[in-house]
Amino acid sequence: MRDFRDAKAMAQTLRETLNARSVSLTVGESLELIAKILGFPDWNVLAERIKAAGQDTRARVAEPAPDAANGAAATEIEIPPDILDRYAGTYRFNNAVFTVRRDGNSLSAHLSGQGSVSYRPISETEFTGENVDIKLRFVPGPDNTPSALVLRQHGNDHTMPRIDAAEAQELERAIKDRMNRRSASPGTEAALRRLVEDLATGRPDYSAMSAGLAEATRQQLPTLQRGLAEMGPITSIKFLGVGAQGQDVYSVWHEGGASHWHIALEADGTIGSAFVTPGP
């Protein structure tokens, strides 16, 4: 799930969703709504909180780390091109594709439907994002070609198995096909209803979630429970369409308001990803 540091992305998602339903919303209005749903009095307060969090992150990244052997400061390292070439490839992120490319002496990567981010090496298997709080760690396989990639963001790990180009193309094709057909994945509506009802009671079923989603939910549960409990019982759920990463997008109507949810299931039926934005 997203947190307050993703407020601008959440506001953009809100505007796109409402625009698809012929509901116009300015950038400022969407930012104010996101601030309210996250428990802040207004966007100015939230913006300062995001700024402070970013400064804390930059301070931690810039702070020299002691070398285990001699106490020297750790510095950015140079990775041989052949190793970078092995890291390049496609990895599965729920129903979407995370594509990694070699970019000179570093890497760039993007998730389906998103722009590219540059990553610089901090060890032979680890990379940190430029201007984003994301780290990548490659898990070597038997032949030293990565078998998986672990993406760490906001303290949560997301493990992505490596897939070949054919499987990646099929996943991208399936997303576009479902977007065009406005076709929901089987089971997402029922899973979403259970998730929302459980969150409102403060007793979510963590066993029905991926490890990363479960950890994010634990961190955000007080805010989620308060907001959903205030809106009251669910009265209806309406499928809106398919997001750029293959998530199903729903409007959940309550007695006292509405919320928009993006949800994706893993192959075993657990909820791989889910996040909420304010309703109209």
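The values are calculated or read from the model by the stated rules, or taken from the named source; none is laboratory data. Keep in mind the model is a prediction, meaning the values are calculated, not measured. Here the Cβ positions follow ideal geometry from the backbone for every residue, glycine too, while neighbour counts run over all protein chains shown. Accessible surface areas use protein heavy atoms only, side chains included; no ligands, DNA or RNA. Shrake-Rupley method; radii C 1.70, N 1.55, O 1.52, S 1.80 Å.
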Residues of the stretch 138-164 that turn out to be under 25 Å from ASP248 (Cβ atoms) and open to solvent by 60 Å² or more (accessible area, probe 1.4 Å), as a count: 3
Show the residue pairs that are 6+ apart or on different chains and have beta-carbon atoms under 8 Å apart, the first residue being within the stretch 137-151 and without any contact (Cβ under 8 Å) to a residue 60 or more places away in the chain, the second being outside any strand (DSSP E or B) and of a type in the set (Gly, Ala, Ser). SER147/GLY141
Pick from the stretch 109-125 the residues that are assigned to a strand (DSSP E or B) and either open to solvent by less than 20 Å² (accessible area, probe 1.4 Å) or among the acidic types (Asp, Glu) (or both): which of them is nearest to PRO81 (Cα to Cα)? PRO121
Given the criterion loosely packed, with under 13 Cβ neighbours inside 10 Å, among the charged types (D, E, K, R) and touching a Lys or Arg at 6+ places or on another chain (Cβ under 8 Å), identify the matching residue among GLU167, GLU130. GLU130
Being of a type in the set (Val, Ile, Thr) and either in contact (Cβ under 8 Å) with a residue 40 or more places away in the chain or under 14 Å from LEU265 (Cβ atoms) (or both) is the filter here, so list the residues in the stretch 180-217 that pass it. THR188, VAL196, THR217
Among the candidates ASP3, ASP85, which residue alone is at pLDDT 70 or above and among the acidic types (Asp, Glu)? ASP85
When you check GLU172 against the structure, is it among the charged types (D, E, K, R) and either surrounded by 19 or more Cβ atoms within 10 Å (Cβ to Cβ) or in contact (Cβ under 8 Å) with a residue 24 or more places away in the chain (or both), yes or no? yes
Within the stretch 233-245, residues being outside any strand (DSSP E or B) and either open to solvent by 40 Å² or more (accessible area, probe 1.4 Å) or under 13 Å from GLY279 (Cβ atoms) (or both) number 2
